[in-house]
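The values are calculated or read from the model by the stated rules, or taken from the named source; none is laboratory data. Model, not experiment: these values are computed from the prediction. Every residue, glycine as well, gets a Cβ built from its backbone with ideal geometry; the counts of neighbours run over all protein chains shown.
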Amino acid sequence: MATDSTQIKLDNVRLSFPDIWKAKQVQKDSEPKFGAQFLLDKKEHAELIKSVKQVLWKAAVDHFGKDEAKKLYDKDKLHLCLHEGSDKEYDGYDDSNMYISSSSSKRPLIVDRDKTPLAEEDRRPYAGCYVNAIVRIWVQDNNFGKRVNAELMGVQFNRDGEAFGAAPLGEDAFENLDPEKEKGKKGEGGKRRAAAEEEPDDDEVPF
């Protein structure tokens, strides 16, 4: 729910596209920024979505005035940081949710469940997990457009979720190269050779 007129806390939302450890340049000559998107379930987060809409609209009205804000919105010239999930064709995005896009020129605060700082090597938060997040709402009004944006302030790891994209590699991704630990596995080499012999010839592969 909204904590004040410009800051919003998002509880138990799903993290997507997390550029939270290193700033990323989205467009040529643009300033590298940290960023993240947060998925909100329309049923589970119904009250939160309602609160977010109220904060975004208040920010627009405070800056542009009610009539001008309404005119800009009706003409699709007022771009908001809250979007329909069905607007994207990515893992986790569909008509059952909405998402908030956020960015920041400063590295956001990243903490664990117990509020201890996290580092990239901790491998969390990750795309697909559930987090608590804080964003600051601000109005952009310049040559690049009229927008109500969300500045990424902080992310707290909440709980695990099914990771978006490729699953992380497990220990069985590579063979054990330690000769001492290979003792007792003499039959495996023959099995591997047999499997290789059963593979189709290069001419049979259609690509």
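All but one of (1) in a loop (DSSP other than H, G, I, E, B); (2) crowded, with 17+ Cβ neighbours inside 10 Å hold for Gln27; which doesn't?
Result: Gln27 fails condition (2) only.
Which of the residues that make up the range 93-113 are touching a strand residue (DSSP E or B) at 6+ places or on another chain (Cβ under 8 Å) and loosely packed, with under 15 Cβ neighbours inside 10 Å?
Asp95, Ser96, Ser105, Lys106, Arg107, Asp112, Arg113 - these are the residues of the range 93-113 that are touching a strand residue (DSSP E or B) at 6+ places or on another chain (Cβ under 8 Å) and loosely packed, with under 15 Cβ neighbours inside 10 Å.
Could you figure out which of (1) buried (at least 19 other Cβ atoms within 10 Å of the Cβ); (2) within 14 Å of the chain's Cα centre (by Cα); (3) assigned to a strand (DSSP E or B); (4) not polar (S, T, N, Q) isn't true of Val148?
(2) is the only condition that Val148 fails.
Are any residues in the range 63-80 among the charged types (D, E, K, R), surrounded by 11 or more Cβ atoms within 10 Å (Cβ to Cβ) and without any contact (Cβ under 8 Å) to a residue 24 or more places away in the chain, and if so, which ones? Before the answer, list the steps.
Going through the range 63-80, the residues among the charged types (D, E, K, R) turn out to be 66-68, 70-71, 74-77.
With surrounded by 11 or more Cβ atoms within 10 Å (Cβ to Cβ) added as a condition, the list becomes 66, 68, 70-71, 77.
Selection gives Lys66, Glu68, Lys70, Lys71.
When you look at Val205, is it modelled with pLDDT under 95 and of a type in the set (Val, Ile, Thr), yes or no? Full working, then the answer.
Working: modelled with pLDDT under 95: yes; of a type in the set (Val, Ile, Thr): yes.
Here the answer is yes, as Val205 does meet what is asked.
Among the numbered criteria (1) in contact (Cβ under 8 Å) with a residue 40 or more places away in the chain; (2) in a loop (DSSP other than H, G, I, E, B); (3) surrounded by fewer than 17 Cβ atoms within 10 Å (Cβ to Cβ), which single criterion is violated by Phe164?
(3)
State all residues of the range 103-137 that are acidic (Asp, Glu), free of Cβ contacts under 8 Å to residues at least 60 places away in the same chain and not in a loop (DSSP other than H, G, I, E, B); if no residue qualifies, say none.
First, pick out the residues of the range 103-137 that are acidic (Asp, Glu): 112, 114, 120-122.
Filter again for free of Cβ contacts under 8 Å to residues at least 60 places away in the same chain, leaving 112, 114, 121-122.
Residues satisfying the conditions are Glu121, Asp122.
Of (1) farther than 20 Å from Ile134 by Cβ; (2) modelled with pLDDT of 95 or more, Lys88 satisfies all except one. Which?
Going through the list (1) farther than 20 Å from Ile134 by Cβ; (2) modelled with pLDDT of 95 or more, Lys88 breaks only (2).
Out of all the residues in the range 119-165, which are polar (S, T, N, Q) and within 16 Å of Ala60 (Cβ to Cβ)? Quick ask: steps written out before the conclusion?
Here is the first cut: in the range 119-165, the residues polar (S, T, N, Q) are 132, 140, 142-143, 149, 156, 158.
Matches in the range 119-165: Gln140, Asn142, Asn149.
Just to verify a result, which residue in the range 33-61, among those that are more than 20 Å from Val148 (Cβ to Cβ) and free of Cβ contacts under 8 Å to residues at least 40 places away in the same chain, is surrounded by the most Cβ atoms within 10 Å (Cβ to Cβ)?
Glu44
Can you pull out every residue in the range 85-102 that is in a strand (DSSP E or B) and touching a Phe, Trp or Tyr at 6+ places or on another chain (Cβ under 8 Å)?
Tyr99, Ile100, Ser102
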